[in-house]
1. Answer with one residue from B:416, A:164, B:196: the one whose Cα lies farthest towards the positive end of the charge dipole of the protein assembly as shown, charges on Cβ with Lys, Arg +1 and Asp, Glu -1.
2. Nothing charged except the Cβ atoms of Lys and Arg (+1) and of Asp and Glu (-1): what's the magnitude of the dipole of chain A about its Cα centre? Round to the nearest 20 debye.
3. By per-residue mean of other Cβ atoms within 10 Å, what is the highest-first order of B:424-432, B:90-98, B:27-35?
4. May I ask which residue of B:337, A:88, A:274 lies farthest towards the positive end of the charge dipole of the protein assembly as shown, with charges of +1 (Lys, Arg) and -1 (Asp, Glu) on Cβ and the Cα centre as origin?
5. In debye to the nearest 20, how big a dipole does the range B:5-458 give about its Cα centre with +1 on each Lys and Arg Cβ and -1 on each Asp and Glu Cβ?
6. Relative contact order for the range A:52-173 using alpha-carbon pairs under 8 Å, separation at least 6, rounded to a whole percent?
7. Please tell me the relative contact order of chain A in percent, rounded to the nearest whole number, where contacts are Cα pairs under 8 Å and at least six residues apart.
8. Which one of B:187, A:207, B:53 has its Cα pushed farthest toward the positive end of the charge dipole of the protein assembly as shown, where Lys and Arg give +1 and Asp and Glu give -1 at the Cβ?
Amino acid sequence: MNNLLKFTIGIFLSLGVAWLAFVVGARAQFGDLSPSSQNLDDDGNIPLDADLYPLPLSGTAEQGSKEYLALGCMTCHTQQVRMVEAGFDVERGWGQRPSVARDYIHQEHVLLGNTRIGPDLANVGRRQPDLEWLHKHLFEPQSLVPQSLCPPSPFLYDQVDQPSDKSITVVDDSNISRFIVPSIRAKRLVSYIRSLHQDYELPEMAFVINEEDEPDEAAGKENLLDFDSNQSSLPSWLDTQIASGKEIYMKAAPGGGLCFTCHQPTGEGLAGQFPPLAGSDWVLGDKERLIKISIYGLMGEIEVNGIKYNNVMAPPGIPPGSLTDQQIADVLTYIRNDWGNSASAVTSLEVSAVRSQIKGRAPMQMWTAAELNAVDE
Amino acid sequence: MKLNSEQIIDKSLKLVVCFFVASAGLWLLAAALFAYISAAKLTDPFFLSSFEYFTYGKIKLAQANAFVYGWGGNSIFAVTLWIVARLAQTESRGRVLVIFAGIIWNLAITFGLLGILDGHMTPHEMLEMPAEVWPALFISYCVIAFFIVVVHRSRKNKETIAPQWFLLSSLLWFPMLFLIAWNGLEINPARGTVQSVLSMWFGQSLIWLWLTPVALGAAYYIIPAILGRAIDKYYLAVFGFWCIATLAPWSVVHHLEGGPVPMWIPAIGTVMSIAMIFPIAVASTNFHSTAFLDISKVWDSLPLRFVIFGTLSYTISSYIGVIFSLPSVAKITQFSIINDFHFNQRVYGFFSMIIFGMVYYILPKITGNEIAKGAKAFHFWTSAFGVLILLLAYLIGGLTHGVLAQQPSLSWASSVISSVMPYFLITELAFIVLGFSQLVFVINVWKAIIPNPFAFWTCGDSQSKPETSA
């Protein structure tokens with residue numbers, strides 16, 4: 001301890017041994033992984049005609065990863081699905097399988113992160129591929145997820161006074177619409193976010209759950225239970241329609257309706273803001289009005305069960321207005337037959353009849369309650 | 001008046017130590033401001049949200065870097081310079097070069113933090129400052145370290161004691177760690193998650209091998225110095241030192257539990273983390289069995305009160321750290337705000353508290369100006385209270401965060417994160433308390449260094465006016 005040289009060598013060695021393991025050893029073990037096919041052939045080789053994963057990032061996404069780093073997104077978001085025994089990441093729906101070292105080999109900077117104040121983003125591109133949703137979320141997360149702590153990034157967008165084909169409409173809780181045009185940086189960032197998905201298998205890691213059939217199965221089971229206990233006397237075609245309608249009502253991903261975010265899973269709405277569906281005179285009343293609202297949305301003042309509401313309902317569906325006739329029929333049948341409601345089913349024929357009746361209407365032009373009632377009379 | 005040898009050494013150190021302590025204080029205030037902004041942004045995401053320079057991610061990293069390199073780095077230089085020179089019974093060397101290097105160090109951090117705020121950060125843990133500033137930081141560090149080693153080599157007594165081992169090893173570990181990490185991340189970058197292993201290893205080792213040994217060395221120095229008695233069971237200290245040296249660089253990687261790296265890496269980390277109970281126990285025994293022999297004297301001496309607060313915090317929180325490295329617990333706490341608990345207990349509850357004590361001990365000796373007792377006591381109580389509240393909020397909030405995150409059925413923003421919100425609010429309040437506390441500390445320090453700031457202007461007094469950087 002008294003000889004400075006020996007002391008220096010000692011503390012250098014203590015660090016050097018760890019360096020040998022974590023730097024030299026780790027590099028030798030997994031520092032030169034190469035892309036691989038999803039499955040190997042019988043001899044353990046990559047089949048000649050197989051696609052290789054992970055796919056390289058596109059140029060725009062690569063640029064976006066630099067924006068992601070520069071804005072400090074990594075402080076709150078991880079990009080790793082942990083091993084099944086080390087946490088419930090897969091169960092939470094953050095990935096079909098745990099992440100492995102090979103998933104990251106194309107990244108210039110690996111942005112694993114170590115804190116989750118926001119959700120994990122390893123598979124966000126698979127969970128949330130909708131461009132418009134991502135732009136709105138970057139501009140003001142709270143417009144989509146009211147409790148979000150994610151800081152808004154208004155500096156990535158130009159706000160314009162009039163909507164145009166390049167602008168995206170963001171509606172806040174006080175019903176004010178803003179029109180934003182994404183900058184090149186926002187587009188890069190969204191492109192990068194959409195590129196984040198580990199939705200391929202690798203020889204060393206197979207899918208733990210297969211999301212392709214998982215939601216259907218789960219939803220099916222849930223609904224079977226519901227209907228077994230409550231409404232077992234319903235005919236099976238109605239059961240199916242209600243089950244499918246409930247899934248659309250509750251789904252916050254493409255193909256879903258996102259209805260529950262305003263009208264709530266309970267169908268009670270939010271007092272003063274969003275009207276209830278349970279026991280609503282509109283829901284249980286004329287089908288044509290309902291179908292019209294489901295195709296084009298609704299805005300302005302509306303009186304439901306004697307209480308006035310004033311808000312905007314974008315055309316339901318992700319992206320807006322994308323629900324098919326059958327989906328609209330299913331979701332309307334569902335809201336007319338849950339939470340104590342009981343009214344006749346809506347068929348896809350009825351929906352297509354209304355759609356062709358109003359086909360001259362400009363796209364995305366929302367109804368007003370007055371307009372609907374006038375047609376009614 | 002004839003000066004004794006200690007006073008001569010103190011006189012030779014006056015300018016350099018004052019320079020580093022004064023700059024450290026300013027960085028502490030900068031870090032406190034960043035800490036408040038980042039905490040406030042978690043309670044209200046719209047706070048300052050229209051300024052791109054102040055995104056939460058950037059502010060949080062700026063705070064960590066200002067704290068570790070600005071406050072930590074400068075105070076490490078001050079404390080190491082002084083203790084090493086005193087124990088070597090040798091006057092300091094190369095003062096002009098040391099001050100010059102110190103100015104470069106502070107300028108480099110200033111540019112580095114501006115770089116982070118401007119979006120030029122690197123993704124490597126605790127190396128976030130832009131690549132351009134690191135050569136300047138590294139060279140200025142080496143200059144300062146070189147002159148400290150020169151003083152140590154010309155020591156009168158060839159026998160070395162515990163404070164010297166800890167301070168010297170910390171001095172030498174930082175450049176080694178840096179070169180390893182810089183080579184593997186920037187010069188000759190590794191591919192894929194090898195980067196993550198290396199960056200995590202550097203970030204955590206920096207706390208264990210740079211900040212921790214300085215605080216331990218300072219405690220080994222100041223406890224016997226004030227109490228006037230030898231360290232109890234001193235023969236254990238050498239064992240404790242080599243345990244830290246050999247185990248700490250291995251133990252830090254347990255944070256990668258379950259991640260996309262080979263399993264042996266977090267597994268080794270966990271085993272070594274458990275083995276860390278030996279050095280923790282040694283330090284704890286040495287400090288506390290000495291201090292509790294004379295507890296009333298500890299209570300009366302304010303510097304010592306700070307130091308014992310720090311060593312107690314070290315013991316308790318290091319044991320908590322061992323528990324959190326067990327895989328079954330890590331599963332819950334891994335990505336939660338427990339990480340902030342670890343960081344703050346180590347750099348604040350432990351390192352900074354000991355440094356506060358050291359500064360209050362050194363400054364009156366080298367400047368000859370006493371610091372008002374009430375101001376010191378105010379600083380102690382607000383710091384102790386603020387740190388306790390902060391750490392409890394992060395600990396309980398982190399457990400809540402982790403446990404709820406393990407329930408796949410709870411929605412993320414509306415259930416998991418909104419349950420942690422109250423704790424974010426508490427941390428914001430704690431940072432306000434700590435901010436005031438640190439302001440008092442900085443005023444105390446600056447008043448001791450420049451008792452009459454206007455004398456310099458009015459009488460052209462030869463009073464040394466330290467350079468500032470922030």
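1. B:196
2. The dipole of chain A has a size of about 1380 debye.
3. Order by mean packing, descending: B:27-35, B:424-432, B:90-98.
4. The residue sitting farthest along the positive end of the dipole is B:337.
5. 1020
6. Value for the range A:52-173: 22 percent.
7. Here the relative contact order equals 13 percent.
8. Checking the options against the dipole of the protein assembly as shown, the answer is B:187.
Values quoted throughout were computed directly from the atomic coordinates according to the rules given, and no laboratory measurement underlies them. Bear in mind that the values here come from a model prediction, so they are computed numbers and not experimental data. With ideal geometry, Cβ positions are generated from the backbone for all residues, glycine too; neighbour counts draw on all protein chains shown.
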